[in-house]
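Chemist: Next up is a structure, given as structure tokens.
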Amino acid sequence: MQCRKCCFACEKWCFFGAKAFLPLVVNFLIIWACWVHAWLVCWEPQLFESDTLFWRVYGVLGVALGIMCNILYLKVCKVGPGSPTDLDNFGVPLMEYQNACSADGQHLTPPREMANSVCAKENGGLRFCTKCIGWKPDRSHHCSNYKRCVLKFDHYCPWFATAIGFHNHKYFVLFLWYVTVLCFVCLGSTGFVFYNHILEIGGRPGPDGNSEYVGAISVNVMILMVLALVFAIAVGTFSSFTLYLVFNNQSTVEFLESTQYRSAVPTAAYRYTFAPTSKTVGNVYDVGWKRNFQLVMGDRWWMWLLPIQPSEAVRGDGTQFPLNKQVLQKIREAAAKEVQIRDQNQAYIKQQRQQQQKRTQYDLPQHLQPQEPYQYDDEAQDSGDDIPLINMVNKTSK
């Protein structure tokens, strides 16, 4: 028991250490990359004797990208993903929840905002979080690392030490884009230096007039070139995947897992057809790639690259979302088909049972066939006369 407690304590401290350490690493790498790119490469007069203006502007571009990355990083962490417990009517008082759990037949009343919810549990009921003690609107999930339910939960990112959700999703997407561009910019400057000093035959004259490359390449430049190449591939790939999810109006959780849709028939009651889920009927939140993109990035082109959130009239409040009418129709058709097949099957079973009962009745011998109940003679009973044996049998069988 003591060993287990020590393991849990060690895991807890490691988690908090990584939670505090990784954000420092990210910001340090961005600042260091801008310093190497601008100060040691682009603004070094000995490296570029020609096109000085171009390289100075190129250095300013890298610094501007680094500043934007830091701003977006702070935005992601400061704004946060948003939680249903921060909204009115979604949280449930603890006393009310305890009374509902202890009282037989008493149920919690969901808020009216969840009347049109599309997602449901296995039993067809609305989703409720027992850890946060509150209702979970569509696309919300409980994050164990964040310790709360998250609106439009995408994933938990240890590099930000926070969850990615409805309110900081755009900042996260922009951060990936700007980091990818910054990596390619740094790779261009450091790669040019590497090519100019190592691979080019017959380098520039050195200080003594000999035709040799000028000095050695800085270790910082070499490290930045390698890191820029690695992160350009890694972050660029993840950025492309994130953009794909934005165009399809999907979160990472929804892409990896199947979302159960609410219908007239509970999900667990489906026996003859497939229950309506995101895998069987499609993504109900996909309203077209253009509209999907505007819901996250904004409906104005100049907002797409700036850390500015779209208005609530455009993106909603994180509890209700625009729905695909065709997928909604498929959900209704799936429930109707299940009910139709179930009714037909029950009618067929009832018909077969009736036929089986008739067949069994006809196969019985004559003396075992069901007989009419014996009608007793009241006068005979009053007079005390003996009742025949056959009548006693009928009476007993009755």
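Chemist: Show the residues, 5+ positions off or on another chain, whose built amide H is closer than 5 Å to the amide H of residue 141.
Modeler: 150, 152, 153
Chemist: In whole Å, what three semi-axes, largest first, describe the equivalent ellipsoid of region 94-155 built from its Cα gyration tensor (square root of 5 times each eigenvalue)?
Modeler: Semi-axes, largest first: 21, 16, 10 Å.
Computed from the coordinates by the stated procedures, all read-outs in this text should not be read as laboratory data. Keep in mind that this is a model prediction, so the values were computed, not measured.
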